[in-house]
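Visitor: Take a look at this one; I'll ask things after.
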Amino acid sequence: MAKVYIALIHYPVYNKRKNIVATNITGFDLHDIARACATYGVEQFFVVNPISAQLEFAGKIIDCWKSEKSYRHNWTRAKAFRKVKLAATLEEVLKKLKKPIVVATSAKAKGGASFKALRSKMKKSKRPFLILLGTGWGMTNEVLDKADICLERIKAKAEYNHLSVRSAAAIILDRLLS
Ligand SMILES: C[S@@+](CC[C@H](N)C(=O)[O-])C[C@H]1O[C@@H](n2cnc3c(N)ncnc32)[C@H](O)[C@@H]1O
């Protein structure tokens, strides 16, 4: 099985008006996506944000969970936090990994690779996979277009299709890695 990484993209993403913006890091995202990553054997969970104050904020949370005291307090959370890494840009993440196959996700994806096809590709590939998750109103078209694979969207029966990134992360990992 190939190594799998996750990157949560805070820039460049769209806001409600389709302007390109950087979004804030949310504590819930760090905790919940880190736990999903630890549960499904994801190698590392990169949080990508170009704003230094935002990286500092996330760094404080990560550092807090590195201590022996935190481990004793809640070892499952402390262990999950070992997966979390910070990066200013997606390019920085790409440089750290060895020629990853980049997989974009979007609630709006029309078509795209099926979960089944990607799962079987992951079983055979020697190259690592980097799954990109968006924030705000989703990653920009430029980021989506640059990815090697665009994954089909998670479809449900209801018309409503607005999953939080935390829920989407857990569903995607379960479909690909369970
Ligand atoms: C656009 S953000 C929304 C963030 C929102 N502000 C929150 O509270 O999480 C949600 C991200 O989760 C993923 N996502 C959400 N719904 C999805 C779906 N139906 N299919 C695939 N990915 C989905 C995508 O990566 C998307 O960019």
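Visitor: Quick one: work out the % antiparallel among DSSP beta bridges in the range 1-152, nearest 5.
Guide: Here the share of antiparallel DSSP bridges comes out near 15 percent.
Visitor: Next question, about the same structure. As I understand it, the dipole of the chain uses +1 on the Cβ of Lys and Arg and -1 on the Cβ of Asp and Glu, about the Cα centre. Which of Asn24, Leu86, Ile6 lies farthest toward its positive end?
Guide: Ile6
Visitor: So, one more: Could you work out the percent of alpha carbon pairs in the range 104-162 separated by over 18 Å, rounded to a whole number?
Guide: Roughly 37 percent, rounded to a whole number.
Visitor: Given R₀ = 25 Å, FRET efficiency for Arg82-Lys16 by Cβ-Cβ distance, to 0.05?
Guide: The computed FRET efficiency comes out at 0.10.
Visitor: Based on the alpha-carbon gyration tensor of the range 1-52 and its eigenvalue square roots a ≥ b ≥ c, which shape applies: rounded if a/c is under 1.5, prolate if not and a/b is larger than b/c, or oblate?
Guide: Prolate is the answer for the range 1-52, as a/c is 1.5 or above and a/b outweighs b/c.
Visitor: Write down the radius of gyration of the chain and its Dmax, each obtained from C-alpha positions, in Å.
Guide: For the chain, the Cα radius of gyration and maximum Cα-Cα distance read 15.8, 48 Å.
Visitor: Now for a separate question. Tell me, what is the FRET efficiency for Glu43 and Glu92 to the nearest 0.05, using R0 = 22 angstrom and their Cβ-Cβ distance as r?
Guide: Here the calculated transfer efficiency is 0.85.
Visitor: Now a separate question. Starting from the range 109-148, pick out the trypsin sites (Lys or Arg not before Pro) whose DSSP state is loop and whose Cβ has at most 11 other Cβ atoms within 10 Å.
Guide: Hits after loop and neighbour filter: Lys110, Lys126.
Visitor: For Cα pairs less than 8 Å apart in space and 6+ apart in sequence, what is the mean separation divided by the residue count of the chain, i.e. the relative contact order in percent?
Guide: 32
Visitor: Sticking with this one: Cα to Cα, under 24 Å, and not fewer than 8 places away if on the same chain: which lysines meet these conditions relative to Lys60?
Guide: Lys69, Lys79, Lys83, Lys85, Lys96
Rule-based calculations on the coordinates, nothing more; no lab input. From a predicted model like this one, the values you see are computed outputs, not experimental measurements. Counting neighbours? That spans all protein chains shown, and the Cβs are built from the backbone with ideal geometry, glycine included.
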